[in-house]
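Asker: Structure below; questions to follow.
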Amino acid sequence: MDYRKLFADLHQRPGLYGLDGSYHDYCTFLSGVDAGNDGGLLTGFREALVPRVGAGDNLTWRSLVLHLAFPGRTSGWREEAAGEGRQAAVDLLFSLLADFLDRRDTHGGTAAIFDGYLTWLKAQSWHRP
């Protein structure tokens, strides 16, 4: 299946997939597609986002996207993604997904993503190997 096309269609026409266009619905749909691929489709997505955020090693990809969508906020990301910031969060999610799929498919694969994540992780003062 061409997931790039699916994700582009999903982003443009969520109603065709039974979604209301909310950040939550998109994330739930994407998690279902990932589960239908034995968790392999989004393997490394969280690890690609952690170094970009510069924190959040304990967070899911859903939360990391919100950290990037609303920088400087210390709370209220979910409320913002459900309100006025909904479109910004959704657009960023699909942009990050496209970037992730590109990096995974053309720039060294999942191994390179995990290598970048481990490099970031080892540079953290709290990291204990």
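Asker: Of the residues ALA82, ALA69, ALA35, which single one is surrounded by fewer than 16 Cβ atoms within 10 Å (Cβ to Cβ), modelled with pLDDT under 95 and not aromatic (Phe, Trp, Tyr)?
Answerer: Result of the check over ALA82, ALA69, ALA35: ALA82.
Asker: Within the stretch 89-110, can you find the residues that are part of a helix (DSSP H, G or I), small (Gly, Ala, Ser) and within 22 Å of MET1 (Cα to Cα)?
Answerer: SER95, ALA98, GLY109
Asker: If I go through the stretch 37-64 residue by residue, how many of them are under 24 Å from TRP126 (Cα atoms), in a loop (DSSP other than H, G, I, E, B) and not acidic (Asp, Glu)?
Answerer: 7
Asker: Which one of ASP34, ASP25 is under 30 Å from GLN124 (Cβ atoms) and in contact with a Leu (Cβ under 8 Å, 6 or more places away or on another chain)?
Answerer: ASP34
Residues are listed down the side, and each one gets a yes or a no for (1) modelled with pLDDT of 95 or more; (2) small (Gly, Ala, Ser):
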| site | (1), (2) |
| --- | --- |
| ARG4 | no, no |
| HIS11 | yes, no |
| LEU30 | yes, no |
| GLY39 | no, yes |
| PHE45 | yes, no |
| GLY56 | no, yes |
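Asker: Taking PHE29, is it under 13 Å from the mean Cα position of the chain (by Cα), free of Cβ contacts under 8 Å to residues at least 40 places away in the same chain, at negative phi and surrounded by 15 or more Cβ atoms within 10 Å (Cβ to Cβ)?
Answerer: Yes.
Asker: Let me ask something else. In the list HIS11, HIS67, which residue meets the criterion of being under 28 Å from GLN124 (Cβ atoms), touching a residue at least 12 places away in the same chain (Cβ under 8 Å), assigned to a helix (DSSP H, G or I) and not aromatic (Phe, Trp, Tyr)?
Answerer: HIS67
The values are calculated or read from the model by the stated rules, or taken from the named source; none is laboratory data. This is a predicted model, so every value here is computed, not measured. All Cβ positions, even for glycine, are placed from backbone atoms using ideal geometry, and neighbour counts span all protein chains on display.
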